[in-house]
1. Is it fair to say PHE178 is in contact with a Ser or Thr (Cβ under 6 Å, 6 or more places away or on another chain) and surrounded by fewer than 19 Cβ atoms within 10 Å (Cβ to Cβ)?
2. Just give me the residues in region 181-196 being surrounded by fewer than 17 Cβ atoms within 10 Å (Cβ to Cβ), modelled with pLDDT under 95 and over 15 Å from GLY157 (Cα atoms), in sequence order.
3. Only one of (1) of a type in the set (Gly, Ala, Ser); (2) open to solvent by 70 Å² or more (accessible area, probe 1.4 Å); (3) modelled with pLDDT of 95 or more fails for GLY27. Which number is that?
4. Pairs only if they're at least six apart or on different chains, beta carbon under 8 angstrom, first in region 12-23 and in a loop (DSSP other than H, G, I, E, B), second open to solvent by less than 90 Å² (accessible area, probe 1.4 Å) and of a type in the set (Phe, Trp, Tyr); list them, first residue then second.
5. What single numbered condition from (1) more than 26 Å from ARG158 (Cα to Cα); (2) outside any loop (DSSP other than H, G, I, E, B) fails to hold for GLU92?
6. Quick one: how many residues across region 72-84 are open to solvent by 40 Å² or more (accessible area, probe 1.4 Å) and outside any loop (DSSP other than H, G, I, E, B)?
7. Scan region 48-66 for residues that are touching a residue at least 24 places away in the same chain (Cβ under 8 Å) and in a helix (DSSP H, G or I) and jot them down.
Amino acid sequence: MSEALQVPTMAEFMAQGKQPEVLFWVGSAGSFDDRAKKITKAFVKILNKAHVEFAVLGTEESCTGDIAKRAGNEFLFQMQAMMNIEVLNAYEIKKIVTCDPHSYNCLKNEYPSLGGKYEVVHHTQYIQELITSGRLQIQGEFYKGKRITFHDPCYLGRANNEYDAPREVLKSTKASIFEMKRHKRTALCCGAGGAQMFKEPEKGDMDVNVLRTQDALETNPNIIATGCPYCNTMMTDGVKAKNKETEIEVLDIAELIANSEEL
């Protein structure tokens, strides 16, 4: 499958004297985490299917610095950001799409003051654009009759006020969508944000991801949909903690669309 994927680099575009429509910012999780790599591949399949001329930075891409900033290391954040901005500006990048809301928030809201001004979109927003413009047509009824609940990522929802794009995209799967009691502005964090992903949880009655998974289970879903690789990990672990992994799948919206189209 991976042999068929077309993933050109910015260096290749530059060598041809061309600019891509959009730069796909893969992000640390999408590059290195085995589970998140599947999300990356699913999104690339969508881009290929819609004939989007996109590029990645490849080995020139570094961590946005988001995690360092959330953990309180502003110095390291600025060092990482400045390195990336230098590369992005050298390539004259205008528009960036990413599957990671943490990268999305960082590139969109925290890079401009350091000289990195780009149009930044989340992959759910971009998929919605492709569907609305007719470039991507979802024909299959792969998920018809399935019950899906969507978990709002903090950095897409409350931080950037984007609630509609992921839901509009999910509707195109023909599945039945059920909202959790806490959703949109009142959604509960999965427990990974603010660099919490990389430390042990503090003492309490229950891990946040298990509590959030309970919210999802109340909707009696076949699938928990996410729009963030970190949310995906946390919700997957929550489903395992509840011994429901044989009954419930945790899938990114890109995977749902790639499967719907049977790309």
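1. Working: in contact with a Ser or Thr (Cβ under 6 Å, 6 or more places away or on another chain): yes; surrounded by fewer than 19 Cβ atoms within 10 Å (Cβ to Cβ): yes.
In short, yes.
2. ALA195
3. (2)
4. The qualifying pairs are GLN19/PHE13; PRO20/PHE13; PRO20/PHE54; GLU21/PHE54.
5. (2)
6. The total comes to 7.
7. ASN48, LYS49, GLY58, GLU60, ASP66
So that you can scan it fast, the table gives a plain yes or no per residue for (1) open to solvent by 60 Å² or more (accessible area, probe 1.4 Å); (2) of a type in the set (Lys, Arg); (3) under 14 Å from ARG182 (Cα atoms):
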| residue | (1), (2), (3) |
| --- | --- |
| LYS203 | yes, yes, no |
| MET206 | yes, no, no |
| ARG212 | no, yes, yes |
| ALA216 | no, no, yes |
| ASN220 | yes, no, no |
| GLY227 | no, no, no |
| CYS231 | no, no, no |
| THR246 | yes, no, no |
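The values are calculated or read from the model by the stated rules, or taken from the named source; none is laboratory data. Predicted model only: the values in this text are computed from it and were never measured. FYI the Cβ positions are ideal-geometry reconstructions off the backbone, even for glycines, and counts take in every protein chain you see. Accessible surface is based on the protein model in full, side chains and every heavy atom, while ligands, DNA and RNA are left aside. Shrake-Rupley method; radii C 1.70, N 1.55, O 1.52, S 1.80 Å.
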